[in-house]
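First comes the structure, then the notes that go with it.
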Amino acid sequence: MAFKISPIDMEARKKLDLRAGDTVRVHQKIEEKGKTRLQVFEGLVLARKHGTEAGGTFTVRRVSSGVGVERIFPIYSPMIDKIEIVKRARVRRAKLYYIRDKVAREARRQLRRTRMMGGAMTAEEKLEAAAEGDVRNESEAVAVGEESKAQ
């Protein structure tokens, strides 16, 4: 006699070949005001932890309006309606945590290309310039400007 503990299909989730590098669409049940609705979270799987055991989880990352959002989902959660594998990428790592740094690096590179034209440096530009090592102290720049006016 088989006992059904969970309302989900455990065997189907166990057979789901979810790996780092996959782009997945997770349909999650959310309860609001006594009603349940489905919310879709689509993103890149960064890690899968604890294999196919009961406490297994997977981490999904997506960029939402310019901000990186990561969520950790339990594989066998009854609040997850279904997991669709949208795309499969060939990766050479088991955990793709380096993607976080890579995205931040790209954003900094974009900021460097789009310098503000004209007057004083903004606080962000000062920080970035300090990080690059080509910082010029504004007080020195003002002093040099006054000397040239005096001559």
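A few comments on the model shown:
- Whether the range 1-96 is rounded, prolate or oblate, judged on the alpha carbon gyration tensor where a/c under 1.5 counts as rounded: oblate
- Amide hydrogen proximity for Asp22: with H placed 1.01 Å from N in the peptide plane, the residues at 5 or more positions away or on another chain lying under 5 Å are Val45, Ala89.
- Length gained when the stretch Arg113-Glu70 is fully extended (0.36 nm per residue, less Cα-Cα span): 12.7 nm
- Once backbone amide H atoms are built at 1.01 Å from N, Ile80 has Lys29 as its partners under 5 Å, excluding neighbours fewer than 5 places away on the same chain.
- For the residue pairs Lys14/Lys49; Lys49/Lys95; Lys33/Lys82, alpha carbon separations beyond 18 Å are given by Lys33/Lys82.
Computed from the coordinates by the stated procedures, all read-outs in this text should not be read as laboratory data. These numbers were taken from a predicted model, which means no experiment stands behind them.
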